[in-house]
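To start, the structure under review is shown below, and the notes come after it.
The values are calculated or read from the model by the stated rules, or taken from the named source; none is laboratory data. Bear in mind the structure is a predicted one, so any value in this text is a computation, not a measurement. Note: ideal-geometry Cβ built from the backbone for every residue, glycine included; neighbour counts use all protein chains shown. Heavy atoms of the whole protein, side chains included, go into the accessibility calculation; ligands, DNA and RNA do not. Shrake-Rupley method; radii C 1.70, N 1.55, O 1.52, S 1.80 Å.
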Amino acid sequence: MASGNVSIVRIYRGEDKLHEIELVGARMTIGRSNKVDITLESGAISRRHAELILKPDGNWWINDLFSGAGTFVNGKAEMEHKLEIGDRVIIDDFLLLFGH
């Protein structure tokens, strides 16, 4: 999948859509710290929980950064996963939905 196809992440908490973030650069970090690219406010989330990486082949990947709570993609705990349109990433009670 080309990077142009996976260009945004929609972030939900429960039924509430919180943010829609355009994926920019080659790496974006997710966590509860205010020093990451995508901040998710929850004590259960690590300061640097996961990262989104744009690989040279144009595909976005999500990598868990050895978080305590884990990163789940489409219901399965994953340390590294190539993202596809419609993938559902769960971090604590946040849903990150990947699209374009």
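Within the range 12-26, does at least one residue satisfy the condition of being without any contact (Cβ under 8 Å) to a residue 60 or more places away in the chain and at positive phi?
Within the range 12-26 (the criterion being without any contact (Cβ under 8 Å) to a residue 60 or more places away in the chain and at positive phi), the answer is yes, since at least one residue qualifies.
Could you grab me the full set of residues in the range 65-100 that are touching a residue at least 60 places away in the same chain (Cβ under 8 Å), in a loop (DSSP other than H, G, I, E, B) and not hydrophobic (A, V, I, L, M, F, W, C)?
Matches in the range 65-100: 84, 93, 100.
Does residue 62 fit the bill of being in contact with a strand residue (DSSP E or B) (Cβ under 7 Å, 6 or more places away or on another chain), open to solvent by less than 40 Å² (accessible area, probe 1.4 Å) and in a strand (DSSP E or B)?
Yes, satisfied.
Is there a residue in the range 13-31 that is touching a Leu at 6+ places or on another chain (Cβ under 8 Å), surrounded by fewer than 16 Cβ atoms within 10 Å (Cβ to Cβ) and under 16 Å from residue 89 (Cα atoms)?
Yes, because at least one residue in the range 13-31 is touching a Leu at 6+ places or on another chain (Cβ under 8 Å), surrounded by fewer than 16 Cβ atoms within 10 Å (Cβ to Cβ) and under 16 Å from residue 89 (Cα atoms).
List every residue pair whose Cβ atoms lie under 6 Å apart, where the two residues are 6 or more positions apart in sequence or sit on different chains, the first residue falls within the range 47-60 and is free of Cβ contacts under 8 Å to residues at least 24 places away in the same chain, and the second residue, located anywhere, is surrounded by fewer than 17 Cβ atoms within 10 Å (Cβ to Cβ) and small (Gly, Ala, Ser).
Between residues of the range 47-60 that are free of Cβ contacts under 8 Å to residues at least 24 places away in the same chain and residues that are surrounded by fewer than 17 Cβ atoms within 10 Å (Cβ to Cβ) and small (Gly, Ala, Ser), the close pairs are 47/33.
Here is a yes/no grid of residues against (1) of a type outside the set (S, T, N, Q); (2) closer than 20 Å to residue 84 by Cβ; (3) open to solvent by 50 Å² or more (accessible area, probe 1.4 Å):
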{"site": "38", "(1), (2), (3)": "yes, yes, no"}
{"site": "41", "(1), (2), (3)": "yes, no, yes"}
{"site": "46", "(1), (2), (3)": "no, no, no"}
{"site": "68", "(1), (2), (3)": "yes, no, yes"}
